[in-house]
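Just below is one structure, and these are the notes that go with it.
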Amino acid sequence: DAKTTQPTSMDCAEGRAANLPCNHSTISGNEYVYWYRQIHSQGPQYIIHGLKNNETNEMASLIITEDRKSSTLILPHATLRDTAVYYCIVRVKGTDFGNEKLTFGTGTRLTIIP
Amino acid sequence: DAGVIQSPRHEVTEMGQEVTLRCKPISGHDYLFWYRQTMMRGLELLIYFNNNVPIDDSGMPEDRFSAKMPNASFSTLKIQPSEPRDSAVYFCASRGRAAGNTIYFGEGSWLTVV
């Protein structure tokens, strides 16, 4: 799986949009971008994933650049409960691939400021 | 859906004792993963199963660790004998085709070996 680079930490004011960047310059054509987050003392939680089109769900939006070398996770109206470590992961999506590993990096520690 | 269920949530044991961690994946999921998380090493994949068969155990640290999946609804991770350096949070996760290849994590088992 391609390596990702994320800032170590970020702050965001409550109620504002939180924009979390991720670089994945070596991403392959069949690799998806996944985002997970881990709130303290809990298991990682799936947020969103995408291939090349922008995606939106009830939790967040994912913006992927045209060359797919980077992406941004957007939490439109951050709340205190969004304080967590956010992981950007790129991997092949499928059910019959030999490598099913979801490799977590160090992630971005997002702190929402009241 | 109840999600991935792990037990025990917390365990404190003495060095040399056997530790057994249990996991019930989400019903219908055909992949099961065991991860370990420590401050020093972050989230590491230990082993994963597909249709109850171990596929990749390259992340298992040593022979003291073993994992089994006797049926589709139950898996165990055993450490025998346990050592203080095994202290960590152990996460179980599962994935199914219908879930769009999203991996869902349990709340983790917090292990302390003294």
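The values are calculated or read from the model by the stated rules, or taken from the named source; none is laboratory data. Keep in mind that what you see is a predicted model, and the values were worked out from it rather than measured. All Cβ positions, even for glycine, are placed from backbone atoms using ideal geometry, and neighbour counts span all protein chains on display.
Descriptive notes on the structure:
- Strands (runs of 3 or more DSSP E) enclosed by the stretch A:22-114 - at least 2 residues per element that are buried (at least 21 other Cβ atoms within 10 Å of the Cβ), touching a Gly at 6+ places or on another chain (Cβ under 9 Å) and at pLDDT 90 or above: A:31-38, A:61-64, A:84-92
- When the stretch B:1-21 is filtered for residues that are free of Cβ contacts under 8 Å to residues at least 60 places away in the same chain and in a strand (DSSP E or B), only B:Thr20 remains.
- Residues that are closer than 12 Å to B:Pro25 by Cα and buried (at least 16 other Cβ atoms within 10 Å of the Cβ) within the stretch B:51-71 comprise just one, B:Met69.
- Residue match in the stretch B:80-89 (condition: buried (at least 19 other Cβ atoms within 10 Å of the Cβ), assigned to a helix (DSSP H, G or I) and either out of contact with any helix residue (DSSP H, G or I) (no Cβ under 8 Å at 6 or more places or on another chain) or without any contact (Cβ under 8 Å) to a residue 12 or more places away in the chain (or both)): yes
- Scope the stretch B:90-114; condition more than 9 Å from chain A (Cβ to nearest Cβ), part of a strand (DSSP E or B) and modelled with pLDDT of 95 or more; matching residues: B:Tyr90, B:Ser109, B:Leu111, B:Thr112, B:Val113
- Meets criteria (of a type in the set (A, V, I, L, M) and in a loop (DSSP other than H, G, I, E, B)) for A:Met10: no
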